[in-house]
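Student: Sending over a structure as structure tokens; questions will come in a sec.
The values are calculated or read from the model by the stated rules, or taken from the named source; none is laboratory data. Source: prediction; values computed, not measured. Here Cβ is always computed from backbone atoms with ideal geometry, including for glycine, and neighbour counts include all displayed protein chains.
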Amino acid sequence: MKFRGLTLFLGILCFSYCFAQQKKYSLNQDNKSLQEVIKQIETETGHRFFFNNNQIDLSKKVSIHQNNKSIDAILSEIFAGTNIGYQFKDNNIILSRKAQQEQTVQINGQIRDIELNPVGGATISTGTNTSRSNQDGSFTIQAPVNGTLKISYLGFKTQHIPINQKTTIVVNLVSDAESIDEVVVTALGVKREQKALGYAVQKVDGQALSTAKGVDVATSLTGRVAGMSVKNSTEFNTAPTINVRGMSPLIVIDGVATQFVSLRDIPADDIEDITVLKGASASALYGARGGSGAIMVTTKKSKLKGLDVQINSSNMFTSGYVAMPKVQGSYSSGQGGKYAAGSYVWGDKLDIGRTVQMYNPITMETEEQELVSKGKDNLSNFQRPSYILNNNISISQRGDHGGVRASLTHVFNQGQYENNHLNKVTYLVNGDMTSGDFKFEGGLNYNKRFYPNMGATGYGGGGILYNLNVWSGTEYDIRDYKNYWKTPDEQQNWMDQSWYDNPYYIVNEIIHKSDYNILNGFLNTQYKSGDWLTINARLGSDFYSSQDKYQNPIGAVGGWNRLGYFSTTRAGGYSVNGDLMATVRKQINDFQLEGFIGTGINYRNNDSQNGTTAGGLSVPGFYSLKASVSPATTSSSLTRRQDNALYGRFTGSWKNRVFLEVTGRNDWSSTLDNENNSFFYPSVSSSVVVSDFFNLPEAINFWKIRGAWTRTKYAPGIYEINQQYSIASDVWQGLGTATYPTILRSRSIMPETIDSWEIGSEIHLIKDRINLDFTYYNTLKYNQQRNASISNASGFNQTQINIKEDLRRKGFEIALNANVIKHEDFNWSSRINWSKDNYYYDNIDPDYSTDKPWVRNGARWDWYGIYDWERDPSGNLIHYGGLPKVSNYQSVAGFTDPDFIWGWSNTFNYKNFTLNFSFDGRVGGVMHSVTDQAMWNSGSHPDSDNEYRYDMVVNGNKNYVGNGVKIVSGSVDYDNYGNITRDDRVFADNDMGVSYESYSIRMAPYIGSPRSQFVYSQTFLKLRDLSLIYKLPSNITSKIKARQASIGIIGQNLWLWSKKFKYSDPDLGTENLNSASIRYIGGNINIQF
């Protein structure tokens, strides 16, 4: 609370100071002396003037007519043509005599980059006056007629433009080749030139994320960073999964590492840029938390002097589906060609005049009805249009000594099923102030998201597709079941009461509702003493609380208890991060030296309480712990951890062409024994600008090589080395129990360790129009911790040990950026990212590694094992009695990691039009299609509607002959791994007919036993984002008093090509009856005042 109060006070103070200079006034005076005008200004504005009577002559007569103008504008007019200058000091105005009267002129201009895009926030200075360019690049400044404008902006060369009595100036900034055009945020929020880094980083500008805005900003990051995998789904409230080099990265916001905040808590409109530190070397100063790399988010701050208001609205709606489950519509529910509700979908033929006794949802009675395929469109009839409304308004104010920005974002997502809608509200406020050698920054971000029902997905009783597509036929129209109650709160209106539920009943009555709140903030103070010493003190914290409730009525098959159920869980936590750093810089001839030392603390606390009914509900429809038939069960948890750190970094460079960086961090963790709780994390990296040493061909503008090494150690988790009793209440006659632990914990266990190294190169070609970056990385993971079985005579079942199995990760990353076409009216820029990442066994533990023939040194670790069919030496299925047989020995169906991932994004600019689109995809890797196997098993798969099934159901034949062989004579012997040691079998073509239904179910059993024919390649290609934006001309925006405005068409998840997956989208990386993948198309409006 104190932290929030302090930050709010600083923000209000900064805002009020900036606002004072921008408040509007009116002043109308005719032929009055400056003395009289000043007194009038003091009366009306509250400002006070101070001056030396011996130097300032205020007798001059002036006339002024200004309405609704800032005090700065008024003073500029009344002192124009005089030798009097003025300066603001808080609420005071100091008048002084100008050293020399010089004729000035008002200059109007625009700042653009090399691609002719406007550059907002650039600094324009005359030496006495300073201004900043607006978001559209425009600026206005008063300057001496024969003076010089100094134009500067981070990452671009500073330019000095002679005025030569011009009143209009357009400046095209060029990239600073000597600093590789990029300054990036590194560990602990330190900004560094990219060319000085010995490790791979990649930066994404926030503007690329804030047009086609979906529910989560991470979706727009897909394919934009080499080595970063983002797996997405349009499934309701499903957040993207992000991995960097195969591991989950740390999220850092404005230099503060977070514990509970994810990218879904940060709106796209609040992101200035994102820098991805790809490996442990890049984030070594964060210790174990940074061992998987880090995503550094820099939030937007106030930029433009004065008041700035921006509105950005993106709204997208369902426009079909890029992948959608389909079912056969020719056969009913049932088995053996006969109709039966609540069974398989291997029933009778539809639409041939056959009648059966069938449930009528209108009369709620069983009646004789004709079997017709009136439910062919059941899924599309059950779905509803989905849409995403993502709207933001931000207000910022900036003065000479600081600024403040406030932003409000609301995201509303209506899912494709009833009762699925998500609200996300985010409020952010941040500010900064500068006073002499001190600089203060602070910010708060609050995010709230809530929904009435999480949804019903996956293979299981509560899944929509499970009940609607897999385990029911098309002999009914789902819309007839909208009235889902037969007896309210007790019995649903559905054809089957044993195995399945009415989908309308599922979405409205089997409920998981959630209310989640998270608050994170930071406060940073910086003191500079000259050019050699900087001291930073930073405090950051995040807090979260969540309330989850689960309930289902009496009679729910797919809920948690058929007798009725209610459960409530409250969880909360907070973390505190503090850092104190002192940085020293020194230039010695051609050597630039810099070092800092710091100390940090990270504390996190998690707790939860749960209450659940037992034995069902005593009152139908009353969802409360008080309605529990038996005493409600309760549980709670509490985890706490603190890590103290001492860290430092030394960097040195020679002639700005050879760079060296050494870092070290030591952590003391509370999860370890006091005598063994210290960890040290070293790292070293270097880069050399080769192009500064040799005369390279003219086409090569810049060439750099780099390398880095680091070691990361991971302490055991909370309580993992503590002997823990399991506590249970009301076990026997109201008494509780404490169960002695079965795992022998070890306080001397060694930390899991990862050694990482990487090498890379970056080259710029053809006047910086082509930039190519290549990285190879290699990590070794050892001292893995595992629970090993031991004799029960010890009093335990397992003990903690370090095994000797080592794992090695290898990968390549390539990033290619190109300005393909550069023209005054037309530009095309393109970016390609490509990466390959695989995991291998580096050393096998003979005692504890998995005992499989393919588990060996140098082999892939990510194997996907299945029990395939018995096959002859030619690979044909071996049939026994006309049916195939599953092998008793496991084999490898493939590897789960893709061969490589890629992304390709493009930007086209033509006059006021901007077209952006991005493709991405994965190539290789396997995944089990639960959808296909489940539908073949149940009989609902579209491909099961064929001549063999017709022959079985309509003609009554059971003569389907599967492709393959049968054994005529002989036998076979195997070793323990399934390798054939002896084989004298004689084979012949299979000629035994069986029921097509029996054969299909044998080939596609329950999804818990994956079969090889349903293990598919993940390869896919997707058009991820598209936007076509038109910037309105100034003669239109001026009518609404806007600085700039744009309108456009946007889309997300627009097109999919998949090598194998036909009825679901493989983008998510897992397949478990995934819902239809939604194509979104809509519009964007952006206005800046």
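Student: Modelled with pLDDT of 80 or more and surrounded by fewer than 14 Cβ atoms within 10 Å (Cβ to Cβ): does that describe SER63?
Tutor: yes
Student: Step by step: first the residues of segment 1057-1089, then only those that are part of a strand (DSSP E or B) and polar (S, T, N, Q), then the one that is farthest from the chain's Cα centre (by Cα). Which residue is that?
Tutor: Among them, the one singled out is GLN1088.
Student: May I ask you to say which residue of ASN390, ASN378, ASN360 is under 30 Å from THR299 (Cα atoms) and not small (Gly, Ala, Ser)?
Tutor: Every option except ASN390 fails the conditions.
Student: Here's a check for you: in segment 507-533, which residue that is in a strand (DSSP E or B) and among the hydrophobic types (A, V, I, L, M, F, W, C) is nearest to VAL576 (Cα to Cα)?
Tutor: It comes out as PHE522.
Student: Testing TYR516 on (1) over 23 Å from ARG449 (Cβ atoms); (2) among the aromatic types (Phe, Trp, Tyr); (3) modelled with pLDDT of 95 or more, one condition comes back false. Which one is that?
Tutor: Against the list (1) over 23 Å from ARG449 (Cβ atoms); (2) among the aromatic types (Phe, Trp, Tyr); (3) modelled with pLDDT of 95 or more, TYR516 comes up short only on (1).
Student: Then there's this: Give me the residue from segment 255-313 that is among the aliphatic types (A, V, I, L, M) and assigned to a helix (DSSP H, G or I) and, out of that set, nearest to the chain's Cα centre (by Cα).
Tutor: LEU263
Student: Filter segment 33-57 down to the residues that are surrounded by 17 or more Cβ atoms within 10 Å (Cβ to Cβ) and either under 20 Å from GLN106 (Cα atoms) or without any contact (Cβ under 8 Å) to a residue 40 or more places away in the chain (or both) and list them by number.
Tutor: ILE38, ILE41, listed by residue number.
Student: I've got another one for you. List the strands (runs of 3 or more DSSP E) that sit entirely inside segment 944-1018 and contain at least 1 residues that are surrounded by 15 or more Cβ atoms within 10 Å (Cβ to Cβ).
Tutor: 965-969, 986-989, 1015-1017
Student: Considering only residues that are aromatic (Phe, Trp, Tyr) and over 24 Å from ARG449 (Cα atoms), look in segment 527-568 and name the one that is surrounded by the fewest Cβ atoms within 10 Å (Cβ to Cβ).
Tutor: For segment 527-568, the residue satisfying everything is TRP532.
Student: How many of the residues in segment 767-785 are within 24 Å of ARG224 (Cβ to Cβ) and part of a strand (DSSP E or B)?
Tutor: Adding up the residues that qualify gives 9.
Student: While we're here: Within segment 753-778, can you find the residues that are hydrophobic (A, V, I, L, M, F, W, C), touching a Lys or Arg at 6+ places or on another chain (Cβ under 9 Å) and closer than 21 Å to SER691 by Cα?
Tutor: The answer is ILE759, ILE763.
Student: Check TYR848 against each of (1) of a type outside the set (Gly, Ala, Ser); (2) farther than 25 Å from GLY290 by Cβ; (3) part of a strand (DSSP E or B); (4) out of contact with any Phe, Trp or Tyr (no Cβ under 9 Å at 6 or more places or on another chain) and name the one condition it does not meet.
Tutor: The failed condition is (3).
Student: Next question. Looking only at segment 786-819, which residues are outside any loop (DSSP other than H, G, I, E, B), aliphatic (A, V, I, L, M) and closer than 23 Å to TRP861 by Cα?
Tutor: Those that are outside any loop (DSSP other than H, G, I, E, B), aliphatic (A, V, I, L, M) and closer than 23 Å to TRP861 by Cα: ALA788, ILE801, LEU807.
Student: Only one of (1) closer than 30 Å to ALA284 by Cβ; (2) in contact with a Pro (Cβ under 7 Å, 6 or more places away or on another chain) fails for THR318. Which number is that?
Tutor: The failed condition is (1).
Student: Right, something else. Which residue, of ILE74, ILE94, ILE107, is out of contact with any helix residue (DSSP H, G or I) (no Cβ under 6 Å at 6 or more places or on another chain), at pLDDT 75 or above, more than 30 Å from LEU915 (Cβ to Cβ) and not in a strand (DSSP E or B)?
Tutor: Only one candidate passes the filter, namely ILE74.
Student: Considering segment 22-80 alone, what residues qualify as being among the small types (Gly, Ala, Ser) and farther than 30 Å from GLN397 by Cα?
Tutor: SER33, SER59, SER63
Student: Of all residues being touching a strand residue (DSSP E or B) at 6+ places or on another chain (Cβ under 7 Å) and charged (D, E, K, R) in segment 839-868, which is surrounded by the fewest Cβ atoms within 10 Å (Cβ to Cβ)? Just the residue, please.
Tutor: In this case the residue turns out to be ARG856.
Student: Counting just the residues of segment 1031-1062 that are modelled with pLDDT under 95 and of a type in the set (Ser, Thr, Tyr), which one comes out surrounded by the fewest Cβ atoms within 10 Å (Cβ to Cβ)?
Tutor: SER1038
Student: Only one of these conditions is not met by ALA738: (1) modelled with pLDDT under 80; (2) within 30 Å of PRO631 (Cβ to Cβ). Which number is it?
Tutor: (1)
Student: Mind telling me which of the residues GLY1008, GLY970 ends up being more than 30 Å from THR896 (Cα to Cα) and out of contact with any His (no Cβ under 9 Å at 6 or more places or on another chain)?
Tutor: GLY970
Student: Could you grab the pairs with beta carbons closer than 9 Å, sequence gap of 6+ or different chains, first residue in segment 206-226 and farther than 20 Å from LYS448 by Cα, second one β-branched (Val, Ile, Thr) and assigned to a loop (DSSP other than H, G, I, E, B)?
Tutor: Pairs that qualify, where the first residue is farther than 20 Å from LYS448 by Cα and the partner is β-branched (Val, Ile, Thr) and assigned to a loop (DSSP other than H, G, I, E, B), are SER220/THR211.
Student: Continuing with the same structure: Do you know which of the residues in segment 1061-1089 that are out of contact with any Lys or Arg (no Cβ under 9 Å at 6 or more places or on another chain) and among the hydroxyl-bearing types (Ser, Thr, Tyr) is farthest from ASP377 (Cα to Cα)?
Tutor: Looking at the filtered set, the residue picked out is TYR1080.
Student: Still on this structure, I have one more. Given the options LEU422, LEU444, LEU408, LEU428, name the one that is without any contact (Cβ under 8 Å) to a residue 60 or more places away in the chain, assigned to a strand (DSSP E or B) and closer than 30 Å to ILE1087 by Cβ.
Tutor: Going through LEU422, LEU444, LEU408, LEU428 in turn, the sole match is LEU408.
Student: Would you call ASN423 buried (at least 17 other Cβ atoms within 10 Å of the Cβ) and either over 29 Å from TYR344 (Cα atoms) or modelled with pLDDT under 95 (or both)?
Tutor: No.
Student: Filter segment 726-741 for residues that are closer than 12 Å to SER635 by Cα and either without any contact (Cβ under 8 Å) to a residue 24 or more places away in the chain or not in a strand (DSSP E or B) (or both) and give the result.
Tutor: SER726, ILE727, ALA728
Student: Here's a follow-up. Inside segment 708-758, can you point out the residues that are of a type in the set (Phe, Trp, Tyr) and either surrounded by 17 or more Cβ atoms within 10 Å (Cβ to Cβ) or closer than 13 Å to GLN785 by Cβ (or both)?
Tutor: Of everything in segment 708-758, those that are of a type in the set (Phe, Trp, Tyr) and either surrounded by 17 or more Cβ atoms within 10 Å (Cβ to Cβ) or closer than 13 Å to GLN785 by Cβ (or both) turn out to be TRP709, TYR714, TRP757.
Student: Is it the case, given these coordinates, that TYR889 is surrounded by fewer than 20 Cβ atoms within 10 Å (Cβ to Cβ), farther than 30 Å from GLN207 by Cβ and not assigned by TED's automatic domain parsing to the domain that holds SER220?
Tutor: Yes.
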